[in-house]
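The structure appears below as structure tokens.
Since every read-out is calculated from the coordinates, none of them should be taken as a lab result. Quick caveat, the model's predicted, so the values are computed rather than measured. Here Cβ is always computed from backbone atoms with ideal geometry, including for glycine, and neighbour counts include all displayed protein chains.
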Amino acid sequence: AHSTLCWVTTTPIKMPKAPPEQPPYPVINPDPTVQTCLNALRFTDYLTIGGATAGSWAYGYVFGKPVRGPTAATAATIGFTFGVLYTTQAALARFLGYQENAKEVKKYGLYETQPGPGDYEGKPLGSHYYNQPINWTKN
């Protein structure tokens, strides 16, 4: 386990490292952009965004006395932001193969080289699991 010093005290904090796991579903795009993830949102993702926004608005209205309108609007903005970030993260997980992605596989196709178990061994979490050099001139 990796230890780091806490900024409040000098006591070391044990930071567990999660081992990188091979995705249980096929990889569609190992390096999708935010725009790609937003374009791949499902209908249920839009329902999630709408539900988070509406639920947050209702919460802000109910508990926002004496200024219900501005409180509800602020809460709705926070709920919308949460909904977009949450669903974008879910779309990213589908592209990387960590969530069910049959619809995306049908729409976008598979990545040409699927990762194997050896691609994850000895690599830190978040590293690119393919042993390919980075193309810095990629358009």
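Between Y86 and Q22, the distance separating the two model label sites (each 7 Å from Cα on the Cα→Cβ line) works out to 3.2 nm.
Going highest first, how would you order 37-45, 53-61 by mean Cβ packing within 10 Å?
Highest-to-lowest ranking by the protection proxy: 53-61, 37-45.
Mind pulling up the Rg/Rh value for the stretch 37-103? Radius of gyration and Kirkwood radius, both on Cα. That ratio is 1.15, to two decimals. For K103, put the label point 7 Å out on the Cα→Cβ axis and report which residues of the stretch 29-44 keep their amide N under 15 Å from it. It comes to 37-44, nothing else.
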